[in-house]
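Asks: Mind looking over this structure? Questions follow.
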Amino acid sequence: AAGMAAPTMEERKACWGARDEFWQCLDSHGDDATKCEKLRRAFESRCPQQWVKHFDKRRDFLKYRKKLETEGYHPPEDAGKS
């Protein structure tokens, strides 16, 4: 987007800090985002919108990967049958 300058180091730190706090909150509340609304708003206000989207996707990916590591991969029942 036009006028979207690269964040300064300070801004990046503020963004990452807000993200980490938000993610810790999600972790400790079993991903219940309603318990973390204040931190979510801080995260969104301190990070560029593009980053928020990226981090949301990243968190979903990391959760998915962790699930695979703990539960193993279970292919869908019908996989391979046509």
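Asks: Can you give the local net charge around Glu21? Use residues other than it whose beta-carbon is closer than 12 angstrom to its beta-carbon, Lys and Arg +1, Asp and Glu -1.
Replies: Details: positive: Arg19, Lys38, Arg40, Arg41, Arg46; negative: Asp20, Asp27.
That works out to +3.
Asks: In square angstrom, what is the accessible area per residue of the chain with a 1.4 angstrom probe?
Replies: On a per-residue basis, 80 Å².
Asks: Now for a different question. With each label point set 7 Å from Cα along the Cα-Cβ vector, what nm distance links Arg12 and Gln50?
Replies: With each label point 7 Å from Cα toward Cβ, the separation is 1.4 nm.
Asks: With charges set only on the Cβ (+1 for Lys and Arg, -1 for Asp and Glu), what does the dipole of the chain come to about its Cα centre, in debye to the nearest 20?
Replies: It comes to approximately 240 debye.
Asks: Right, next: Heavy atoms only, probe 1.4 Å: what % of the accessible area of the chain goes to carbon and sulfur, would you let me know?
Replies: C and S fraction of accessible area: 53 percent.
Asks: Further question: Angle, helix 49-71 long axis vs. longest principal axis of the chain, Cα atoms, 0 to 90°, nearest 10?
Replies: Tilt of helix 49-71: around 30 degrees.
Asks: Can you pull out the cysteines in the chain that have no other Cys Cβ under 4.7 Å?
Replies: Within the chain, no cysteine lacks a partner Cβ under 4.7 Å, so the list is empty.
Asks: To continue, here is another question. Going by alpha carbons, how many degrees (0 to 90, nearest 10) lie between the helix axis of 37-46 and the longest principal axis of the chain?
Replies: With both axes taken from Cα atoms, the answer is about 60 degrees.
Asks: So I have (i) 42, 25, 18; (ii) 52, 32, 20; (iii) 32, 29, 21, and one of them is Cα extents along the principal axes in Å calculated from this model. Which one is it?
Replies: Of the labelled values, this structure produces (ii).
The values are calculated or read from the model by the stated rules, or taken from the named source; none is laboratory data. As the structure is a computational prediction, the values presented were derived from the model and not from experiment. A quick note on method: Cβ atoms are made from the backbone with ideal geometry, for glycine too, and the neighbour counts reach across all protein chains shown. Side chains included, ligands, DNA and RNA excluded: accessible areas come from the protein's heavy atoms. Shrake-Rupley method; radii C 1.70, N 1.55, O 1.52, S 1.80 Å.
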